[in-house]
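Structure record follows, encoded as structure tokens.
The values are calculated or read from the model by the stated rules, or taken from the named source; none is laboratory data. All values derive from a computational prediction rather than experimental measurement. Note that we place each Cβ from the backbone using ideal geometry, even for glycine, and neighbour counts take in every protein chain shown.
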Ligand code: SF4
Ligand code: SF4
């Protein structure tokens, strides 16, 4: 669907750190050019303007859904947005917010002592658990180039091609040693969607899977490798839980 400029763009934020918005703001070299074709209706980290009643051509969603009021706002946003794009791990899988899935009760009691079990929030959910999502921009935060390429493609009525290879391939291209093999580190690179140029393993840090699971990722083989590396069943489950229900 080809959109006609000026294109109304709104960014809505739910439970998140705002790092994804910050990444778009960090694209300083391209912002002036973008501003010529885009009319920003809402962008919480940079503007106090709330385009509540404005029509939205492209709606970007950051953050996981954790409360009934967030859910209501998401549903209203979906009704207004022609295209809805989930941005970042929080919106796509629940992200960092969902890593305590198994220990939520204990964590809540520690942060909000003396309140019993009466919380209005629920375990963090990906946006597509509730509404139709037209596009996805992965990462925690996404790469600048991926944000800009995705926006440009949407402005021209298309959608950029998706990566289909795992982070492991980028490690091979960069001639990194394999952290799983060399250090027995619990690296999630074998089943994580590439596109970050193996940002973490380049620095000797195991991949944490922030870009989500790659299509056809061989989860069984990775579990076998993790067992060989000495991880317990519970540790392996914890590592894989970060992909939400997509694995
Ligand atoms: S995906 Fe990462 S950078 Fe984006 S809001 Fe969530 S925690 Fe922050
Ligand atoms: S290496 Fe893994 S954790 Fe690091 S940025 Fe890439 S996908 Fe995310």
- Pick from the stretch 1-49 the residues that are over 28 Å from residue 96 (Cβ atoms), part of a loop (DSSP other than H, G, I, E, B) and in contact with a helix residue (DSSP H, G or I) (Cβ under 8 Å, 6 or more places away or on another chain): which of them is modelled with the highest pLDDT? 37
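Only one of 154, 84 is away from ligand 2 (no atom under 16 Å from the Cβ), in a strand (DSSP E or B) and within 19 Å of the chain's Cα centre (by Cα); which? Even if it seems obvious, please write down each step before you answer.
Numbers: 154 fails: in a strand (DSSP E or B).
The match here is 84.
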- Please state which of the following conditions residue 202 fails to meet, knowing it meets all the rest: (1) within 28 Å of residue 11 (Cβ to Cβ); (2) not in a loop (DSSP other than H, G, I, E, B). (1)
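With respect to residue 34, is the statement that it is assigned by TED's automatic domain parsing to the domain that holds residue 124, surrounded by fewer than 18 Cβ atoms within 10 Å (Cβ to Cβ) and away from ligand 1 (no atom under 16 Å from the Cβ) true? Outline the logic, then answer.
Values: assigned by TED's automatic domain parsing to the domain that holds residue 124: yes; surrounded by fewer than 18 Cβ atoms within 10 Å (Cβ to Cβ): yes; away from ligand 1 (no atom under 16 Å from the Cβ): yes.
Answer is yes for this residue.
So for the stretch 214-232 (the condition being part of a loop (DSSP other than H, G, I, E, B), in contact with a helix residue (DSSP H, G or I) (Cβ under 8 Å, 6 or more places away or on another chain) and free of Cβ contacts under 8 Å to residues at least 24 places away in the same chain), does at least one residue qualify? Even if it seems obvious, please write down each step before you answer.
The initial filter retains those residues of the stretch 214-232 that are part of a loop (DSSP other than H, G, I, E, B), namely 214-218, 229-232.
Within this subset, residues satisfying the condition of being in contact with a helix residue (DSSP H, G or I) (Cβ under 8 Å, 6 or more places away or on another chain) are 214, 217-218, 229, 231.
If we keep only those that are free of Cβ contacts under 8 Å to residues at least 24 places away in the same chain too, we end up with none.
Scanning the stretch 214-232, I find no residue that is part of a loop (DSSP other than H, G, I, E, B), in contact with a helix residue (DSSP H, G or I) (Cβ under 8 Å, 6 or more places away or on another chain) and free of Cβ contacts under 8 Å to residues at least 24 places away in the same chain, so the answer is no.
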- Message: Quick check on this structure: which one of 142, 166 is within 30 Å of residue 10 (Cα to Cα), within 13 Å of ligand 2 (Cβ to nearest atom) and crowded, with 18+ Cβ neighbours inside 10 Å?
- Response: 142
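Whether any residue in the stretch 146-155 is surrounded by fewer than 17 Cβ atoms within 10 Å (Cβ to Cβ), over 24 Å from residue 17 (Cβ atoms) and either at pLDDT 95 or above or away from ligand 1 (no atom under 16 Å from the Cβ) (or both) is what I want to check.
yes
Would you mind stating whether residue 19 is within 16 Å of ligand 1 (Cβ to nearest atom) and in contact with a strand residue (DSSP E or B) (Cβ under 6 Å, 6 or more places away or on another chain)? Write out each step before concluding.
Values: within 16 Å of ligand 1 (Cβ to nearest atom): yes; in contact with a strand residue (DSSP E or B) (Cβ under 6 Å, 6 or more places away or on another chain): no.
Taking the combined requirement at face value, the residue does not satisfy it.
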